[in-house]
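The values are calculated or read from the model by the stated rules, or taken from the named source; none is laboratory data. Quantities reported herein were computed from a predicted structural model and do not represent experimental measurements. Don't worry about glycine lacking a Cβ; one is built from the backbone with ideal geometry, like all the others, and counts go over all protein chains shown.
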Amino acid sequence: MRAWTLIRFYTVFVYIFMFAPIAVVLILAFNKAEFASFPMTGFSLRWFERLFNDPTIMRAFRTSLTLGLMVSAISTTLGVMASIALVRYEFRGKDLMTTFLISPVLVPETVMAVGLLIFLRYLHMPRSFGLLLLGHSILALPFVVLVVQARLVGIKREYEEAARSLGANPLQTFFSVTLPLLLPAVFAGALFAFTISFDNITATLFWRPSGMETVPTQIFGMLRNSISPEINALGFVMISVTAGVPLLAGGLARYFGRKNRARHPTRSLT
Amino acid sequence: MARVELKGLTKSFGPVKAVQAADIAFEDASFTTLLGPSGCGKTTILRMIAGLEQPTGGDILVGADRVNDVPIHKRNLGIVFQNYALFPHRTIGENIAFGLKYRKVPKSEMAAKVRNALDVVRLPGVEDRYPSQLSGGQQQRIALARAIVIEPDVLLLDEPLSALDANLRESMRVELKAIQHRIGVTSVFVTHDQSEALAMSDRIVVMSAGKVAQIGTPEEVYNRPANEFVADFLGASNIIEGRLQGRADGAVVLQVDAFGAVPVREDRAASVGSGPAAKLMIRAEKLLLTEGPAPEGRIAVKGVVEAVDYQGQLARYFVRVGERTYQAMNMIEGRPFAAGDEVTLSFSPADCAALPAGT
């Protein structure tokens, strides 16, 4: 009993250690004072106001958002296609292909970043938004593949075979049977991809063309000059996006799941 | 509706020959069962007819057309799978209407056809439910409705009853046969269950290790097995080595050590060949145990009951005669025999069949 109490304390302590710094950022975003200090001197939204009126930050935010959405679209499409090939078909070099697709998770990001950069320099291609898009998509692809593959394995082939036997061609079968059953995983994969791109800093520092900033590189740049409370406000917005979007999506999924389950008791959503 | 014919159909998976040169004809509107143990190639044949597997050799004809290279979605077949394979994200109505969408059936007719199909499988009014809200037996009926609503040329049934529990299986088996008979669709049924095959089929194709072992009516494969495998797979039999002695007034005489000369009716010895080695088959239910002497006209030997497998109205006895143990299934009248009882074991030569040796 005493041992359990200790473990409980220890767990709580670890969580505090992990989350306290984030809490500090979130709280200080509303601090009135010019410099980060505790206790807070007063409540204010002026850092947010300054944030939204700062054209460079807003530009970085738009870049990150565009980049994230495009990465999400590209890597989800490719990831679903790759998963179907890997799960539903037999071909030579399948294991190698799997390893290859998953490898960006295993290779240190810096190594990946430098590698891609050298490769493109060799091809005489300058750093560009396109390169950033390509790079982020490569980074996000393994996560999509892993999530989608896991669900696809659980979708019985007979569904597709039944659809084919009833007259649907392979493409119609994919859109009317496979994709709807796969949708929760596709959705999760797309969210993963967006978050990975939106959060990324290491590789982005290598790949971005000069003059282009994403939110993380912008923060990184600002930190080199001073620790402005504006950064806390920006941090607050970033956390809201990266944590809020999946939470919201999860909540929506559960909501629709429940609505569905009311008609349809034993089917689970994921 | 159409006749289906397989000509020298062969399928290899790498070095494994799953199906070897199968020649089978499925007559129009007939119910044919592919029967055999798992791994005998019966499902592979079904999947090749369906277009889900590409044959390594041979032809598949539906009507007069060779369909080897026709993709599955253009073959107009109904398939019922063992695990139903109803689309879980669609209602029963949408499931059944699925095939109609690709056949350009007008919306107005569609609802009527779906309703009609549900009537055929005796589940009216469940259009708006989801598959998971129905029981296994109901789901399998919906799967059948989905397969027949498109009026397929051939209905393929891949162990459709195996996932159901015993009682349901028996009633579904009667119903399935009745529906098939009513709509008159050429049906190919795959099962490993011999009683299902015997009860439902017009013809049975018994398969063993990728080869067709025998094709015939249920009565033929049961009473006149072509070889030892068929005799053994369908029901419990005693198969005893003997020698072909000759032919005498409509009978083939087999010399068996334990029983002497046994005259087997010629029509039940068609596959025996010229010998001299041959085998005698006696069904377990045709071996009679008696306490006293055997009834007139039967071949009888004395034996000792070794073990009893009590089954309610029936008992399966293992009876030792000399070096061999025989299986006998008898109705229990009064009290079953007990292990250790001395009994007379007897059979009528008319109930025997002769098999070629070495099969």
Open item on the list: I'd like to verify a number: residues in the range B:251-294 that are hydroxyl-bearing (Ser, Thr, Tyr) and surrounded by 15 or more Cβ atoms within 10 Å (Cβ to Cβ), how many?
Closed with: 2
Task: Filtered residue count, the range B:45-76, keeping only those that are facing chain A (nearest Cβ under 9 Å) and part of a strand (DSSP E or B) - done: 0
Open item on the list: Need a quick list: helices (runs of 4 or more DSSP H) entirely within the range A:111-208 having at least 1 residues that are touching a strand residue (DSSP E or B) at 6+ places or on another chain (Cβ under 9 Å) and farther than 30 Å from residue A:246 by Cβ.
Closed with: A:157-165
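In the range B:40-52, what residues are within 13 Å of residue A:164 (Cα to Cα) and among the charged types (D, E, K, R)?
Filtering the range B:40-52 down to residues within 13 Å of residue A:164 (Cα to Cα) leaves B:47, B:50-52.
Scanning the range B:40-52 gives a single hit, B:47.
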- [ ] Specify which of the listed residues (B:339, B:350) is of a type outside the set (Val, Ile, Thr), touching a residue at least 12 places away in the same chain (Cβ under 8 Å) and surrounded by 13 or more Cβ atoms within 10 Å (Cβ to Cβ).
- [x] B:350
Task: helices (runs of 4 or more DSSP H) contained entirely in the range A:1-92, each with at least 1 residues that are in contact with a strand residue (DSSP E or B) (Cβ under 8 Å, 6 or more places away or on another chain) - done: A:46-52
Open item on the list: List the residue pairs whose Cβ atoms are under 6 Å apart, where the first residue sits in the range A:11-25 and is touching a residue at least 12 places away in the same chain (Cβ under 8 Å), the second is surrounded by 10 or more Cβ atoms within 10 Å (Cβ to Cβ), and the two are 6 or more positions apart or on different chains.
Closed with: A:25/A:232; A:25/A:235
Task: Residue match in the range B:36-52 (condition: basic (Lys, Arg) and surrounded by fewer than 20 Cβ atoms within 10 Å (Cβ to Cβ)) - done: no
- [ ] Residues being of a type in the set (S, T, N, Q), assigned to a helix (DSSP H, G or I) and more than 15 Å from residue A:31 (Cα to Cα): count how many of those fall in the range A:222-243.
- [x] 3
Task: All positions within the range A:2-45 that are of a type in the set (A, V, I, L, M) and either on the phi > 0 side of the Ramachandran plot or at pLDDT below 80 (or both) - done: A:33, A:36, A:40
TODO: Those residues that are without any contact (Cβ under 8 Å) to a residue 60 or more places away in the chain and within 30 Å of residue B:315 (Cβ to Cβ), I need them from the range B:243-256; list them, please.
DONE: B:256
Open item on the list: Please go through (1) over 29 Å from residue B:268 (Cα atoms); (2) in contact with a Pro (Cβ under 8 Å, 6 or more places away or on another chain) for residue B:338 and return the number of the only condition it doesn't satisfy.
Closed with: (2)
Open item on the list: Suppose we filter the range B:90-120 for residues that are loosely packed, with under 15 Cβ neighbours inside 10 Å and in a loop (DSSP other than H, G, I, E, B); how many remain?
Closed with: 3
Open item on the list: For the range B:193-207, check the following and say yes or no: at least one residue is among the acidic types (Asp, Glu) and either under 19 Å from residue B:137 (Cα atoms) or not assigned by TED's automatic domain parsing to the domain that holds residue B:41 (or both).
Closed with: yes
- [ ] Six or more apart or on different chains, Cβ under 9 Å: which pairs go from a residue in the range B:87-110 that's within 7 Å of chain A (Cβ to nearest Cβ) to one that's assigned to a loop (DSSP other than H, G, I, E, B) and of a type in the set (S, T, N, Q)? Could you list them?
- [x] B:102/A:169; B:103/B:76
Task: Close pairs (6 angstrom Cβ cut-off, 6 or more residues apart or separate chains): facing another protein chain (nearest Cβ under 10 Å) in the range A:169-188, aliphatic (A, V, I, L, M) anywhere - done: A:173/A:163; A:177/A:163; A:181/A:155
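Collect the residues in the range A:39-64 that are free of Cβ contacts under 8 Å to residues at least 12 places away in the same chain and of a type outside the set (Lys, Arg), keeping them in residue-number order. Write out each step before concluding.
Of the residues in the range A:39-64, the ones free of Cβ contacts under 8 Å to residues at least 12 places away in the same chain are A:39, A:41-42, A:49, A:52-53, A:55, A:58, A:62.
Within the range A:39-64, A:39, A:41, A:42, A:49, A:52, A:53, A:55, A:58 meet the criteria.
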Open item on the list: Can you find a residue that is crowded, with 21+ Cβ neighbours inside 10 Å and either assigned to a loop (DSSP other than H, G, I, E, B) or within 12 Å of chain A (Cβ to nearest Cβ) (or both) anywhere in the range B:21-35?
Closed with: no
